[in-house]
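Working notes, structure below.
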Amino acid sequence: MNLERLFGRFGLRPRRGPFGRASGVFRYPGAHTSLCFIWDAAAIDVDGSVVLIEEELGPIITAHIQSHIARIPVMAALGERISRLIWVVREDSFPRLREIADSWRTVEETSSNWTLPPMTYVDPNEYVLFEERSPGELDKRRC
């Protein structure tokens, strides 16, 4: 994955963080324990919101995908404005990844007051396989 090309394609700029350019490391200090969520990369969109980027080029593991999606409401509750999640996935793995992501979205959104951000799926050459539009649910809190 070429981050510069991916950023250019979507009009993004790198998120500067403690570990360098396009940092996907999010640290949240806590009274009892700190949280650290690690994504492959992160960017900032034109509105100043975070775009999370996760590369899944190996086997698609259900629990791994679910854990990434489950982090988004927690990050939002801790103050992150997350506008999109971009998955980088091989075309042959895309249907499985989307099936897991869609089912987890249904679970998250029907069991809580959160609406997950739209998800975009691109192949390793930044070709868009599928792009969700904003759900636009006004009665639920956006992440």
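Report the charge-dipole magnitude of the chain in Debye, nearest 20, computed about the Cα centre from +1 at each Lys and Arg Cβ and -1 at each Asp and Glu Cβ.
540 debye
Enumerate the amide H contacts of residue 82 below 5 Å, restricted to partners 5 or more residues apart or on another chain; note that Pro and chain-start residues carry no placed amide H.
50
Once Cα Rg over 2.2 N^0.38 Å is worked out from the coordinates, which option in (1) 1.89; (2) 1.28; (3) 1.00 does it equal?
Entry (3).
What longest region of the chain stays clear of chymotrypsin sites (Phe, Trp or Tyr not before Pro) that DSSP places outside H, G, I, E and B and that have at most 14 other Cβ atoms within 10 Å? Kindly include the intermediate steps, with their values, before the conclusion.
Working: sites that count: 19, 127.
Longest gap between qualifying sites, sites excluded: 20-126.
Could you work out the relative contact order of the chain, using alpha carbon pairs under 8 angstrom and six or more residues apart, expressed as a whole percent?
20 percent
Quick check: pseudo-label points 7 Å beyond the Cα along Cα→Cβ at residue 16 and residue 110, how many nm apart are they?
Once both label points are built, they end up 4.4 nm from each other.
Every read-out reported here was derived from the displayed coordinates using simple, explicitly stated rules and does not represent laboratory data. It should be emphasised that the depicted structure is a prediction, and the values quoted were computed from it without experimental measurement. When we count neighbours, we look across all protein chains shown, and the Cβ atoms used for this are built from the backbone with ideal geometry, even at glycine.
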